[in-house]
Amino acid sequence: MKKNLLIYIPSIEEGGVEKNLYILSKYLSKKSINISLLTCNFDKIHFFSKSIFYLGPKNNFWIKKSRKIKNLICMIILFVNLIFFNKKYLVFAFQSSITAIIISKIFGNKVVTRSNSSPEGFSKFFFYNTIYSFFIKFADEVIVNSNEFSKLFFKKFKKKPITIYNPFLPKIVKKLSKIKIKNFFLKNNLNIISVGRLTEQKNHIIQLKAIKYIKKKYNPNLTIIGKGYKEKYLKSYIENNNINKKVKLIGYKKNPFPYILKSDILILSSKFEGLPNILLEAQCLKKYIISSRCSSGPKEILMNGKAGDLFSVNDYRGLANKINNYCKNKNKFKKKTLVGFKNLHRFNYNKNCQKYYEILNNFF
C-alpha cells in the first residue's frame with residue numbers, strides 16, 4: 001500500500017512555522033512517501049522539493065487573502081479531492097487543525113495535527129474553545145514543540161500531545177550569517193536586535209519602553225527586523241517619545257543572520273510562543289539572549305536562565321535592568337551564550353525529523 005501524505009497549511013507566511021515546514025517536508029520527501037501540499041500560497045512552492053505534488057490553486061490570486069478565506073478554499077479542495085478521487089491520505093495539519101480533522105474524519109482518513117503556539121495564544125472566545133476542545137480529541141495524534149506546551153495543552157483540552165523539538169540546521173544559519181552587510185552598527189554602541197513579526201503577540205512596545213531605562217553611557221541602539229500590522233503604532237510611539245536615534249525599524253529581511261551576528265544582544269519580548277526558532281538561531285551565533293518568561297518554549301531553550309536571561313512578560317523595567325547588568329560585566333553573561341550553544345544538540349535536525357517520520361509512519 002502506498003504511503004500518501006497530505007500536508008495541510010492553507011496560508012504559508014513568513015515565520016518559524018514555515019521554517020519548520022520547509023525543513024521537515026524536505027526530510028520527509030527523501031522517504032518512501034508520496035507527499036501532496038495543500039495551500040493557497042502558490043508563490044511559496046519553490047521552497048519545497050520538486051517531488052512534492054502541489055494540490056492548491058495554481059495562481060497568485062489568493063496569496064494576499066486572509067487566512068480564513070484561504071482555509072475555506074483549501075477545505076473545498078480537500079473535500080472535492082477526497083469525494084471524487086477517493087484517495088486515502090494521512091493528513092498532516094500544520095494549520096487550521098479543526099478543518100482538517102472534520103474533513104478527514106468524514107472520509108475515514110487519519111489525521112495528525114501540529115500545534116505551533118502556546119494555548120495562551122489561542123482564541124479567548126468560549127465558543128471557539130469549546131469547538132476546538134471537542135474536535136481536537138478526534139485527531140489521531142497531536143504534536144507540540146515544547147514540554148511545557150504539552151502540559152498546558154493537556155490541561156486545557158484533555159488531549160495528551162507528543163513533544164518534538166523543532167529540527168534545527170546550524171550550518172545554514174552560520175553560512176548565511178557570513179554574508180556581508182554595510183556598516184550598519186556603530187562600534188561604540190550597545191547593539192540590540194529583535195527579529196519577529198510586528199504583532200500584538202511579539203509585544204515590541206516593551207522593548208521601546210525599556211530603551212528609555214538603559215543607561216545613556218552604554219549608547220543603546222535597538223534594531224527591529226520584521227513587518228506587521230503594528231508597524232504604524234510602533235513608529236508613532238518612537239516619534240512621540242523622541243527615541244528615533246535609539247531605535248530603527250528596518251522591515252522584513254529574508255536573511256537576518258548577518259544583523260544578528262553583528263549585534264550584542266538579541267531580545268524576545270513575546271506574550272506567548274511555541275518554540276521560537278530565532279532563539280536557536282541566536283544561540284547558534286553565540287549571542288547573549290534576553291527573553292520574556294512567556295509560555296511555553298523560551299524557558300526551555302534558555303534552560304530556565306542558564307543559557308540566557310528571562311524577564312516577566314510586560315516588565316520593561318526588568319528588561320532594561322537585564323541589559324544594564326549585562327553591560328556591567330559582559331564576560332560573566334557571555335558564559336551563558338556558551339551554555340546555550342553547547343546544548344543545541346537538543347534540536348538536532350536528524351533526530352527530531354526522524355521522530356516526526358516515526359509518528360506519521362504509525363498511521364499509514
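Looking at 128, 89, 132 in this structure, which one is assigned by TED's automatic domain parsing to the domain that holds residue 52, modelled with pLDDT under 95, among the hydroxyl-bearing types (Ser, Thr, Tyr) and under 17 Å from residue 363 (Cβ atoms)?
89
Could you check how many residues of the stretch 316-364 are over 23 Å from residue 281 (Cα atoms) and charged (D, E, K, R)?
Residues in the stretch 316-364 being over 23 Å from residue 281 (Cα atoms) and charged (D, E, K, R): 3 in total.
Looking at the structure I just gave you, is residue 88 closer than 20 Å to residue 139 by Cα, out of contact with any Ser or Thr (no Cβ under 7 Å at 6 or more places or on another chain) and among the charged types (D, E, K, R)?
So residue 88 passes the test.
Residue check: is residue 191 touching a helix residue (DSSP H, G or I) at 6+ places or on another chain (Cβ under 7 Å), under 25 Å from residue 313 (Cα atoms) and free of Cβ contacts under 8 Å to residues at least 12 places away in the same chain?
no
Test residue 24 against the criterion of being buried (at least 18 other Cβ atoms within 10 Å of the Cβ), free of Cβ contacts under 8 Å to residues at least 40 places away in the same chain and closer than 28 Å to residue 169 by Cα, and give yes or no.
no
In this structure, does residue 236 turn out to be in the same structural domain as residue 333 (by TED's automatic domain parsing) and surrounded by 23 or more Cβ atoms within 10 Å (Cβ to Cβ)?
no
Inside the stretch 261-290, can you point out the residues that are within 14 Å of residue 206 (Cβ to Cβ) and in contact with a Phe, Trp or Tyr (Cβ under 8 Å, 6 or more places away or on another chain)?
Correct list: 290 only.
Here's the yes/no breakdown for (1) crowded, with 20+ Cβ neighbours inside 10 Å; (2) in contact with a Phe, Trp or Tyr (Cβ under 9 Å, 6 or more places away or on another chain); (3) of a type in the set (Lys, Arg); (4) outside the structural domain of residue 267 (by TED's automatic domain parsing):
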position	(1), (2), (3), (4)
214	yes, no, no, no
222	yes, no, no, no
227	no, yes, yes, no
231	no, no, no, no
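Rundown of residues vs (1) in contact with a Ser or Thr (Cβ under 9 Å, 6 or more places away or on another chain); (2) not small (Gly, Ala, Ser), yes/no style:
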{"position": "214", "(1), (2)": "no, yes"}
{"position": "225", "(1), (2)": "yes, yes"}
{"position": "241", "(1), (2)": "no, yes"}
{"position": "268", "(1), (2)": "yes, yes"}
{"position": "274", "(1), (2)": "yes, no"}
{"position": "286", "(1), (2)": "yes, yes"}
{"position": "299", "(1), (2)": "yes, yes"}
{"position": "317", "(1), (2)": "no, yes"}
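Is the stretch 102-117 home to any residue that is closer than 21 Å to residue 226 by Cβ, surrounded by 16 or more Cβ atoms within 10 Å (Cβ to Cβ), in contact with a helix residue (DSSP H, G or I) (Cβ under 7 Å, 6 or more places away or on another chain) and in the same structural domain as residue 139 (by TED's automatic domain parsing)?
Checked the stretch 102-117: at least one residue is closer than 21 Å to residue 226 by Cβ, surrounded by 16 or more Cβ atoms within 10 Å (Cβ to Cβ), in contact with a helix residue (DSSP H, G or I) (Cβ under 7 Å, 6 or more places away or on another chain) and in the same structural domain as residue 139 (by TED's automatic domain parsing).
All but one of (1) of a type in the set (D, E, K, R); (2) part of a loop (DSSP other than H, G, I, E, B); (3) crowded, with 19+ Cβ neighbours inside 10 Å hold for residue 245; which doesn't?
(3)
Output the number of residues of the stretch 118-137 satisfying the condition of being surrounded by 15 or more Cβ atoms within 10 Å (Cβ to Cβ) and not β-branched (Val, Ile, Thr).
Number of matching residues: 8.
Residue by residue through the stretch 16-37, note down the ones that are at pLDDT 95 or above, over 25 Å from residue 226 (Cβ atoms) and among the hydrophobic types (A, V, I, L, M, F, W, C).
The answer is 28, 35, 37.
Considering only the stretch 105-118, state which residues are free of Cβ contacts under 8 Å to residues at least 40 places away in the same chain, of a type outside the set (D, E, K, R) and under 15 Å from residue 135 (Cβ atoms).
Passing the criteria: 106, 109, 111, 113.
Among 296, 292, which is modelled with pLDDT of 95 or more and either touching a Gly at 6+ places or on another chain (Cβ under 6 Å) or assigned by TED's automatic domain parsing to the domain that holds residue 203 (or both)?
On inspection, the qualifying residue turns out to be 292.
Can we say residue 51 is surrounded by fewer than 16 Cβ atoms within 10 Å (Cβ to Cβ), under 26 Å from residue 362 (Cα atoms), out of contact with any Leu (no Cβ under 7 Å at 6 or more places or on another chain) and hydroxyl-bearing (Ser, Thr, Tyr)?
yes
Suppose we keep only residues that are of a type in the set (Val, Ile, Thr) and in contact with a Cys (Cβ under 9 Å, 6 or more places away or on another chain) within the stretch 54-76. Which one would you say is surrounded by the most Cβ atoms within 10 Å (Cβ to Cβ)?
73
The values are calculated or read from the model by the stated rules, or taken from the named source; none is laboratory data. This one's a predicted model, so the numbers in the text were calculated from it and none came from an experiment. Methodologically, a virtual Cβ is constructed for each residue, glycine included, from the backbone with ideal geometry; neighbour enumeration extends over all protein chains shown.
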